[in-house]
Amino acid sequence: TPPIDGKLNRGKGGPGDAFYVTGNSHHNIIENNTILNTSHYGVNIQEGYNNIIRDNYFANKWHAAVGLYSGHFKPVYENIVENNMIVDSGDEHLQNMCEGDIRGWSWERNNFTGLQIDATESIVRGNVFINNGQTNMATFAGPAQNNRTYNNSYSMNYRSVYFWGEITDTYLFALSNNVYKNNVFYQDIEHAVYANSNGTMGKNAFQSNDF
């Protein structure tokens, strides 16, 4: 099966995702794909539940790999990300000529995500993250709560885990009750875990990880 390669669409406009899931989509499986160089996300779930992203290879050197993103406060919950190889997110972002805004060129390398979770009740397990800008647990447009991340390997990422949030009247302490357990962190470039939550964090746990 040939890879999904965004370089084939250079100059066609953007931002663009290889898989864009919305409209309350559910019980879909994205499996055994090779996804390269899309101008936005490899897989972007912005409204949906009970979807599975499994056994894929992501090398999106232009931007980001996987996003579970509650865009415009749409519900994203109970999705699974498992057994994927996610490498090099944003490593060649200056070549991202399809990005729809200036971020593709102006962002620092550490901002490009292997995995973004702005969602609830996700399971992230058995994945390998190498040389990504970060993976993040964030509240850009909704809560990031009750997610479970375990048995993953992180190597040579800038920020292997980045907690980011902001205070809103609706989602105060929205970045909460997330658990990281039995993960391995190796040779992080900046930080294994970095938090910039502006008061939104609470009751998150790191258990039995190897740093």
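Amide H to amide H, which residues 5 or more places from THR34 or on other chains are under 5 Å from it, using H placed in the peptide plane?
ILE4, TYR57
Along the Cα→Cβ direction, 7 angstrom out, place labels at GLU78 and ASN196. What is the inter-label distance in nm?
Reported label-point gap for GLU78 and ASN196 is 3.4 nm.
Per-residue HN-Hα couplings for region 74-83, Karplus 6.51 cos²θ - 1.76 cosθ + 1.60 at θ = phi - 60°, whole Hz, x for Gly and Pro?
For region 74-83, the Karplus-derived couplings read 7, x, 10, 7, 6, 9, 10, 10, 9, 6 Hz, x marking Gly and Pro.
Would you kindly state how much longer the chain becomes between ASN182 and THR22 on full extension, computed as 0.36 nm times their sequence separation minus their alpha carbon distance, in nm to one decimal?
Details: separation 160, 0.36 × 160 = 57.60 nm, distance 3.15 nm.
Roughly 54.4 nm would be gained on extension.
At q = 0.30 Å⁻¹, what log₁₀ I(q)/I(0) does region 11-66 have when each alpha carbon counts as one equal point scatterer in the Debye sum?
Calculated log10 I(q)/I(0) at the listed q: -1.19.
With every protein chain left in place and a probe of 1.4 Å, what is the accessible surface of LEU36, to the nearest 10 Å²?
40
Ranked highest first by the average count of other Cβ atoms within 10 Å around their residues, in what order do 81-88, 27-34, 156-163 fall?
Numbers: 81-88: 21.8, 27-34: 14.2, 156-163: 23.5.
Ranked by mean Cβ neighbours within 10 Å, highest first: 156-163, 81-88, 27-34.
Using the beta-carbon distance between SER153 and GLU121 and R0 = 25 Å, what value does 1/(1 + (r/R0)^6) give for FRET efficiency, to the nearest 0.05?
Numbers: r = 23 Å, r/R0 = 0.92.
My answer for the efficiency is 0.65.
The values are calculated or read from the model by the stated rules, or taken from the named source; none is laboratory data. These numbers were taken from a predicted model, which means no experiment stands behind them. Positions of Cβ are backbone-derived with ideal geometry, glycine not excepted, and every protein chain shown enters the neighbour counts. With ligands, DNA and RNA removed, areas are computed over all heavy atoms of the protein, side chains included. Shrake-Rupley method; radii C 1.70, N 1.55, O 1.52, S 1.80 Å.
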